[in-house]
Ligand code: KIV
(Lines give C-alpha, C1' and ligand atoms only; values in the text may rest on other atoms or scores of the structure.)
Protein backbone atom coordinates (compact mmCIF):
# COMPACT_ATOMS: atom_id res chain seq x y z
CA UNK A 1 0.00 0.00 0.00
CA UNK A 2 1.26 3.50 -0.82
CA UNK A 3 2.56 5.59 2.06
CA UNK A 4 0.18 8.42 2.97
CA UNK A 5 0.98 12.01 3.83
CA UNK A 6 -0.52 11.42 7.29
CA UNK A 7 1.90 8.56 7.90
CA UNK A 8 4.79 10.80 6.90
CA UNK A 9 3.70 13.34 9.53
CA UNK A 10 3.47 10.53 12.09
CA UNK A 11 7.11 9.67 11.40
CA UNK A 12 8.15 12.99 12.94
CA UNK A 13 5.97 12.46 15.99
CA UNK A 14 7.37 8.94 16.44
CA UNK A 15 10.99 10.01 15.78
CA UNK A 16 11.27 7.60 12.83
CA UNK A 17 13.67 9.07 10.23
CA UNK A 18 12.19 9.56 6.74
CA UNK A 19 14.19 8.15 3.82
CA UNK A 20 13.81 10.00 0.53
CA UNK A 21 15.51 9.82 -2.87
CA UNK A 22 14.98 11.30 -6.29
CA UNK A 23 13.99 9.17 -9.28
CA UNK A 24 13.16 10.08 -12.85
CA UNK A 25 12.57 6.86 -14.73
CA UNK A 26 10.91 3.46 -14.45
CA UNK A 27 13.78 1.05 -13.69
CA UNK A 28 15.52 3.05 -10.95
CA UNK A 29 12.20 4.11 -9.43
CA UNK A 30 11.20 0.45 -9.23
CA UNK A 31 14.45 -0.59 -7.50
CA UNK A 32 14.34 2.39 -5.12
CA UNK A 33 10.72 1.70 -4.24
CA UNK A 34 11.27 -2.04 -3.68
CA UNK A 35 14.24 -1.18 -1.43
CA UNK A 36 11.74 0.49 0.91
CA UNK A 37 12.36 4.22 0.46
CA UNK A 38 9.53 6.30 2.00
CA UNK A 39 9.37 9.20 -0.43
CA UNK A 40 10.40 9.50 -4.07
CA UNK A 41 10.90 12.99 -5.41
CA UNK A 42 10.68 13.52 -9.14
CA UNK A 43 12.95 16.50 -8.63
CA UNK A 44 13.80 19.14 -11.17
CA UNK A 45 17.43 18.05 -10.78
CA UNK A 46 16.12 15.81 -13.61
CA UNK A 47 16.98 18.72 -15.92
CA UNK A 48 20.66 18.68 -15.02
CA UNK A 49 21.38 15.10 -14.05
CA UNK A 50 19.30 13.18 -16.58
CA UNK A 51 18.69 15.68 -19.40
CA UNK A 52 22.05 17.47 -19.38
CA UNK A 53 20.86 21.07 -18.92
CA UNK A 54 23.34 23.49 -17.27
CA UNK A 55 20.93 24.18 -14.39
CA UNK A 56 17.30 23.41 -13.46
CA UNK A 57 15.85 26.47 -15.19
CA UNK A 58 15.17 25.12 -18.72
CA UNK A 59 13.11 22.13 -17.51
CA UNK A 60 9.48 22.31 -18.63
CA UNK A 61 6.26 21.09 -17.03
CA UNK A 62 5.77 18.65 -19.92
CA UNK A 63 9.23 17.14 -19.39
CA UNK A 64 8.78 16.58 -15.67
CA UNK A 65 5.29 15.14 -16.22
CA UNK A 66 6.68 12.70 -18.80
CA UNK A 67 9.20 11.43 -16.23
CA UNK A 68 6.76 11.50 -13.30
CA UNK A 69 4.40 9.24 -15.26
CA UNK A 70 7.19 6.69 -15.73
CA UNK A 71 8.07 6.84 -12.02
CA UNK A 72 4.46 6.44 -10.94
CA UNK A 73 4.09 3.33 -13.14
CA UNK A 74 6.99 1.79 -11.18
CA UNK A 75 6.13 2.72 -7.60
CA UNK A 76 3.89 0.65 -5.29
CA UNK A 77 4.85 1.90 -1.86
CA UNK A 78 6.63 5.27 -1.69
CA UNK A 79 4.92 8.63 -1.60
CA UNK A 80 5.58 10.42 -4.91
CA UNK A 81 6.19 14.17 -4.94
CA UNK A 82 6.88 16.10 -8.15
CA UNK A 83 8.78 19.39 -8.43
CA UNK A 84 7.11 22.37 -10.06
CA UNK A 85 9.74 23.54 -12.59
CA UNK A 86 11.02 27.12 -12.76
CA UNK A 87 8.36 29.57 -13.99
CA UNK A 88 5.49 27.12 -13.78
CA UNK A 89 4.31 28.64 -10.48
CA UNK A 90 6.09 31.95 -9.83
CA UNK A 91 3.95 34.09 -12.19
CA UNK A 92 0.72 33.77 -10.20
CA UNK A 93 -1.25 31.50 -7.91
CA UNK A 94 -3.52 30.58 -10.81
CA UNK A 95 -0.50 29.51 -12.88
CA UNK A 96 0.62 27.39 -9.91
CA UNK A 97 -2.87 25.86 -9.56
CA UNK A 98 -2.92 24.93 -13.25
CA UNK A 99 0.58 23.40 -13.15
CA UNK A 100 0.17 21.53 -9.88
CA UNK A 101 -3.36 20.43 -10.80
CA UNK A 102 -2.12 18.98 -14.08
CA UNK A 103 0.67 17.08 -12.30
CA UNK A 104 -1.77 15.49 -9.86
CA UNK A 105 -4.33 14.74 -12.58
CA UNK A 106 -2.03 12.92 -14.97
CA UNK A 107 0.87 11.45 -12.98
CA UNK A 108 -0.58 9.68 -9.94
CA UNK A 109 1.73 11.69 -7.64
CA UNK A 110 0.41 12.64 -4.21
CA UNK A 111 2.01 16.07 -3.91
CA UNK A 112 4.10 18.80 -5.47
CA UNK A 113 7.15 20.71 -4.27
CA UNK A 114 8.04 24.32 -4.90
CA UNK A 115 10.97 26.46 -3.85
CA UNK A 116 11.22 29.53 -1.63
CA UNK A 117 9.46 31.03 1.36
CA UNK A 118 8.94 34.66 0.37
CA UNK A 119 5.40 36.04 0.81
CA UNK A 120 4.22 35.45 -2.79
CA UNK A 121 5.21 31.77 -2.61
CA UNK A 122 3.58 31.41 0.80
CA UNK A 123 0.32 32.85 -0.58
CA UNK A 124 0.52 30.45 -3.53
CA UNK A 125 1.10 27.48 -1.22
CA UNK A 126 -2.01 28.45 0.73
CA UNK A 127 -4.11 28.48 -2.46
CA UNK A 128 -2.77 25.09 -3.59
CA UNK A 129 -3.42 23.56 -0.18
CA UNK A 130 -6.95 24.97 -0.12
CA UNK A 131 -7.53 23.38 -3.53
CA UNK A 132 -6.61 20.01 -2.02
CA UNK A 133 -3.08 19.83 -3.44
CA UNK A 134 -0.50 18.64 -0.88
CA UNK A 135 2.61 20.84 -1.02
CA UNK A 136 6.16 20.26 0.13
CA UNK A 137 8.25 23.38 0.77
CA UNK A 138 11.95 23.89 0.02
CA UNK A 139 14.11 26.54 1.71
CA UNK A 140 17.82 27.25 2.13
CA UNK A 141 19.68 26.71 -1.12
CA UNK A 142 17.00 26.83 -3.81
CA UNK A 143 18.60 25.83 -7.14
CA UNK A 144 15.98 27.65 -9.25
CA UNK A 145 17.53 30.88 -7.85
CA UNK A 146 21.02 29.91 -9.02
CA UNK A 147 21.60 33.22 -10.80
CA UNK A 148 20.95 35.25 -7.66
CA UNK A 149 22.10 32.78 -5.00
CA UNK A 150 24.66 30.44 -6.60
CA UNK A 151 25.07 26.98 -5.07
CA UNK A 152 26.55 28.31 -1.81
CA UNK A 153 25.46 27.27 1.67
CA UNK A 154 22.65 29.56 2.85
CA UNK A 155 21.80 30.93 6.31
CA UNK A 156 25.32 31.33 7.65
CA UNK A 157 24.80 34.84 9.03
CA UNK A 158 22.40 35.30 11.99
CA UNK A 159 20.15 37.56 9.85
CA UNK A 160 19.82 35.03 7.02
CA UNK A 161 19.32 32.22 9.51
CA UNK A 162 16.41 34.15 11.05
CA UNK A 163 15.00 34.76 7.57
CA UNK A 164 15.07 31.07 6.67
CA UNK A 165 13.45 30.15 9.99
CA UNK A 166 10.74 32.77 9.35
CA UNK A 167 10.17 31.31 5.85
CA UNK A 168 9.85 27.81 7.30
CA UNK A 169 7.25 29.03 9.80
CA UNK A 170 5.33 30.94 7.13
CA UNK A 171 5.25 27.87 4.87
CA UNK A 172 4.07 25.74 7.77
CA UNK A 173 1.32 28.29 8.40
CA UNK A 174 0.32 28.04 4.73
CA UNK A 175 -0.18 24.29 5.10
CA UNK A 176 2.86 22.45 3.70
CA UNK A 177 3.09 18.78 4.71
CA UNK A 178 6.91 18.60 4.75
CA UNK A 179 9.88 20.86 4.20
CA UNK A 180 13.16 20.32 2.35
CA UNK A 181 16.12 22.06 4.01
CA UNK A 182 18.93 22.31 1.48
CA UNK A 183 22.56 23.21 2.26
CA UNK A 184 22.14 25.20 5.47
CA UNK A 185 24.19 24.95 8.69
CA UNK A 186 23.20 21.97 10.81
CA UNK A 187 22.45 24.11 13.89
CA UNK A 188 19.94 26.10 11.83
CA UNK A 189 18.38 22.88 10.47
CA UNK A 190 18.10 21.63 14.06
CA UNK A 191 16.38 24.84 15.15
CA UNK A 192 13.91 24.69 12.28
CA UNK A 193 13.23 20.98 12.89
CA UNK A 194 12.54 21.65 16.57
CA UNK A 195 10.33 24.66 15.79
CA UNK A 196 8.03 23.44 13.00
CA UNK A 197 5.53 20.60 13.41
CA UNK A 198 5.89 19.33 9.83
CA UNK A 199 8.72 16.88 9.01
CA UNK A 200 11.95 18.43 7.74
CA UNK A 201 13.95 16.51 5.15
CA UNK A 202 17.55 17.61 4.83
CA UNK A 203 20.07 17.59 2.01
CA UNK A 204 23.43 18.99 3.03
CA UNK A 205 21.78 20.25 6.22
CA UNK A 206 23.31 17.93 8.82
CA UNK A 207 21.92 15.13 10.94
CA UNK A 208 19.22 16.93 12.94
CA UNK A 209 16.40 16.77 10.36
CA UNK A 210 13.41 14.42 10.48
CA UNK A 211 14.62 12.73 7.31
CA UNK A 212 17.28 12.84 4.62
CA UNK A 213 17.07 13.08 0.84
CA UNK A 214 19.77 12.62 -1.80
CA UNK A 215 19.79 12.84 -5.56
CA UNK A 216 19.90 9.15 -6.52
CA UNK A 217 22.57 9.68 -9.19
CA UNK A 218 24.86 11.15 -6.48
CA UNK A 219 24.15 8.26 -4.08
CA UNK A 220 24.84 5.71 -6.81
CA UNK A 221 27.94 7.37 -8.24
CA UNK A 222 26.36 8.18 -11.60
CA UNK A 223 26.78 11.96 -11.46
CA UNK A 224 29.59 13.64 -13.33
CA UNK A 225 30.26 15.96 -10.38
CA UNK A 226 29.39 15.26 -6.77
CA UNK A 227 28.15 17.92 -4.31
CA UNK A 228 30.46 18.08 -1.25
CA UNK A 229 27.72 16.88 1.10
CA UNK A 230 26.59 13.85 -0.96
CA UNK A 231 28.30 10.54 -0.19
CA UNK A 232 28.69 7.90 -2.92
CA UNK A 233 27.23 4.57 -1.76
CA UNK A 234 28.19 2.92 -5.06
CA UNK A 235 30.30 3.70 -8.12
CA UNK A 236 27.93 2.85 -10.97
CA UNK A 237 29.91 4.95 -13.48
CA UNK A 238 32.82 2.53 -12.95
CA UNK A 239 30.51 -0.52 -13.04
CA UNK A 240 28.92 0.61 -16.33
CA UNK A 241 32.27 1.60 -17.87
CA UNK A 242 33.81 -1.80 -17.00
CA UNK A 243 30.79 -3.71 -18.35
CA UNK A 244 30.80 -1.72 -21.62
CA UNK A 245 34.59 -2.12 -22.00
CA UNK A 246 34.29 -5.88 -21.45
CA UNK A 247 31.40 -6.18 -23.93
CA UNK A 248 33.31 -4.15 -26.54
CA UNK A 249 36.38 -6.33 -26.07
CA UNK A 250 34.32 -9.54 -26.40
CA UNK A 251 32.65 -8.32 -29.62
CA UNK A 252 36.00 -7.25 -31.13
CA UNK A 253 37.61 -10.56 -30.13
CA UNK A 254 34.58 -12.39 -31.58
CA UNK A 255 33.89 -13.98 -28.20
CA UNK A 256 30.38 -12.56 -28.07
CA UNK A 257 27.98 -14.06 -28.96
CA UNK A 258 29.29 -17.58 -28.47
CA UNK A 259 28.75 -20.30 -31.09
CA UNK A 260 25.03 -20.91 -31.68
CA UNK A 261 23.76 -24.09 -30.03
CA UNK A 262 22.44 -26.41 -32.74
O1 KIV B 1 15.38 18.46 -7.61
C2 KIV B 1 15.86 17.86 -6.66
O3 KIV B 1 16.50 16.81 -6.80
C4 KIV B 1 15.67 18.43 -5.32
C5 KIV B 1 16.43 17.80 -4.20
C6 KIV B 1 17.82 18.32 -4.20
C7 KIV B 1 15.78 18.01 -2.89
O8 KIV B 1 14.97 19.38 -5.16
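The values are calculated or read from the model by the stated rules, or taken from the named source; none is laboratory data. Quick caveat: nothing in here was measured; it's all calculated off a predicted structure. Cβ sites come from the backbone with ideal geometry, for glycine too, and all protein chains shown count toward neighbours.
Observations on the structure shown:
- Meets criteria (at pLDDT 95 or above and either farther than 19 Å from residue 44 by Cβ or over 16 Å from the mean Cα position of the chain (by Cα) (or both)) for residue 110: no
- Filtered by the rule that a residue be buried (at least 22 other Cβ atoms within 10 Å of the Cβ) and in a loop (DSSP other than H, G, I, E, B), region 111-133 gives 114, 115, 117.
- Region 1-14, residues that are farther than 13 Å from residue 178 by Cα and in contact (Cβ under 8 Å) with a residue 12 or more places away in the chain: 1, 2, 3
- Hits in region 136-195 (condition: free of Cβ contacts under 8 Å to residues at least 24 places away in the same chain and in a loop (DSSP other than H, G, I, E, B)): 150, 157
- When region 16-56 is filtered for residues that are touching a strand residue (DSSP E or B) at 6+ places or on another chain (Cβ under 6 Å), under 18 Å from residue 83 (Cβ atoms), part of a loop (DSSP other than H, G, I, E, B) and more than 11 Å from the ligand (Cβ to nearest atom), the ones remaining, listed by number, are 37, 38.
- For region 234-256, the criterion of being under 25 Å from residue 57 (Cβ atoms) and in contact with a helix residue (DSSP H, G or I) (Cβ under 8 Å, 6 or more places away or on another chain) is met by no residue.
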